[in-house]
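The values are calculated or read from the model by the stated rules, or taken from the named source; none is laboratory data. Please read all numbers here as calculations on a predicted model, not as lab measurements. Cβ placement follows ideal geometry from the backbone for every residue including glycine, while neighbour counts extend to all protein chains displayed.
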Amino acid sequence: MWKRNFKFEIKSFFFVCLFFIFLEIFFVVAYAASPTLPNQPAGALWQNLLNIISGWVLRLGGVIIFVGGVKFGLAWLNNDADKKSAAISTIIGGALITSLVGFVSIILTL
């Protein structure tokens, strides 16, 4: 029978939370330190860079969701519970990456 490793899960959750906290701090500092052009809320270069990065991060999240869906389909075919749960974790990870784009865009438009 499969045993859950709660220490590893707690450490993983802690590091994921820590990553998102540092990522949020990075975006807040980068936004605060961005040079502003006259009559514009943010510099044109900064806005173009954000648009490029957010577009690619959105695509990356979509690819990860797709890969998780394929993994789930193959696990369903083999009726393997461990692989199904790993595939669902991959899908959730892709959804988190995709939602990060929306979260950052909301934060930066305030």
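Overview of results
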{"read-out": "Pairs where the first residue, in the range 46-74, is under 18 Å from F103 (Cα atoms) and the second is not hydroxyl-bearing (S, T, Y) and not in a helix (DSSP H, G or I), C-beta under 8 Å, 6+ apart", "value": "W46/P35"}
{"read-out": "Yes/no for F19 being within 19 Å of F103 (Cβ to Cβ), aromatic (F, W, Y) and modelled with pLDDT of 80 or more", "value": "yes"}
{"read-out": "Residues located in the range 59-106, provided they are among the charged types (D, E, K, R) and surrounded by 14 or more Cβ atoms within 10 Å (Cβ to Cβ)", "value": "K71, K83, K84"}
{"read-out": "Extreme residue, modelled with the highest pLDDT, among residues of the range 1-16 that are hydrophobic (A, V, I, L, M, F, W, C) and not in a helix (DSSP H, G or I)", "value": "W2"}
